[in-house]
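Only one structure is covered here, and it is reproduced in the block below.
Since every read-out is calculated from the coordinates, none of them should be taken as a lab result. All values derive from a computational prediction rather than experimental measurement. Cβ sites come from the backbone with ideal geometry, for glycine too, and all protein chains shown count toward neighbours.
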Amino acid sequence: FHEKFPDSHMRAPNGLKTKLYDYHNPELLKYSERWFGVVYNEVLKPYIGAGRPVSFMQLDNETNFQWQSLYSHDFGAPAVARYQKFLQTNYGSIAAVNAAHGRAWTGFDKVRPPTSFGANTPEDQDWYRFQDSSIHEYLKLVRKMWENLGLREPEVLFVLAESYNAPKNGLLPSYRFRNDPGQTGMMTVNLYPKTFETPQKPLLNQPFKADHDVISADSANDYYLG
């Protein structure tokens with residue numbers, strides 16, 4: 001896919017391709033849906049659904065920016081256009097954006113996303129909100145692909161595996177977006193040790209990560225299922 005569609009990658013602020021794919025790239029979505037269809041029809045179909053071995057469908061795994069900074073991805077032209085549309089939808093006018101961000105953009109097509117953290121807090125906040133909503137839309141598309149193949153809740157339960165280990169300037173997954181009944185799926189977590197021991201910080205001084213994960217998963221169940 002990389003060889004055939006080199007322009008499907010996210011872009012860094014300097015315009016260079018990164019190793020990550022744009023979640024909204026048309027070719028990526030088209031071929032993902034084609035792949036899901038083959039996997040479902042040739043492998044999964046006899047085994048999935050009520051009373052069969054497979055009753056959960058994980059839409060994607062830890063959908064983020066591969067634990068990298070939001071100020072490294074994605075500054076490609078399609079992503080910037082989506083950011084501009086996001087601001088227009090949420091603010092209505094460029095004057096309202098300028099008032100909120102302390103800017104003097106002459107139109108939505110002139111708006112550029114922030115490339116470093118901390119210079120403009122309201123702008124940073126909207127950049128985070130945009131990225132979270134962008135991932136939310138991507139996960140909705142993935143679920144729709146499976147539904148187009150005939151998978152439905154409650155015969156299967158759509159779930160998402162999330163990671164709350166975010167680096168500096170990374171993205172913590174939105175609890176509400178990842179537990180959106182009928183749209184995305186129920187958040188689950190990976191239960192394994194996620195803390196690292198150092199001579200200065202023995203592991204016994206950091207014992208509560210798994211407890212936090214269990215509480216998060218239990219809360220997600222209640223939120224999603226009622």
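Below, the figures for the structure above:
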quantity: Inverse of mean 1/r across different Cα pairs in segment 19-73, Kirkwood, Å; calculated: 13.7 Å
quantity: Folded to 0 to 90 degrees: helix 209-225 orientation relative to the chain principal axis, Cα; calculated: 80 degrees
quantity: Protection proxy ranking of 75-86, 35-46, 135-146 - average other beta-carbon atoms within 10 Å, highest first; calculated: 135-146, 75-86, 35-46
quantity: Counted charge near ALA100, where neighbours are those whose Cβ lies closer than 13 Å (Asp, Glu -1; Lys, Arg +1); calculated: -1
quantity: The chain: most fluctuating residue of THR198, THR18, THR115 per GNM, C-alpha cutoff 10 Å; calculated: THR198
quantity: Contour minus Cα-Cα distance for SER133 and ARG112 (0.36 nm per residue); calculated: 5.8 nm
quantity: Of LYS17/LYS140; LYS85/LYS140; LYS19/LYS168; LYS30/LYS144; LYS19/LYS140, pairs whose Cα-Cα distance is over 21 Å; calculated: LYS17/LYS140; LYS19/LYS140
quantity: Simple spin-label estimate for ALA217 and VAL54 in nanometres, 7 Å along Cα-Cβ; calculated: 2.1 nm
quantity: D_trans [Stokes-Einstein, Kirkwood Rh over alpha-carbon pairs] for the chain, 37 °C, 0.692 mPa s, µm² s⁻¹; calculated: 167 µm²/s
quantity: Descending semi-axes in Å of segment 47-94, equivalent ellipsoid built from Cα gyration tensor; calculated: 36, 17, 8
quantity: Cα-based reach from LYS4 at 12 Å (exclusive), listing aspartates and glutamates while leaving out same-chain residues under 8 positions away; calculated: GLU27
quantity: Choice from GLU147, GLU155, GLU197 showing the highest fluctuation, given a GNM over the chain with Cα pairs closer than 10 Å; calculated: GLU197
quantity: Rg and Dmax of segment 1-110, Cα atoms only, in Å; calculated: 19.2, 60
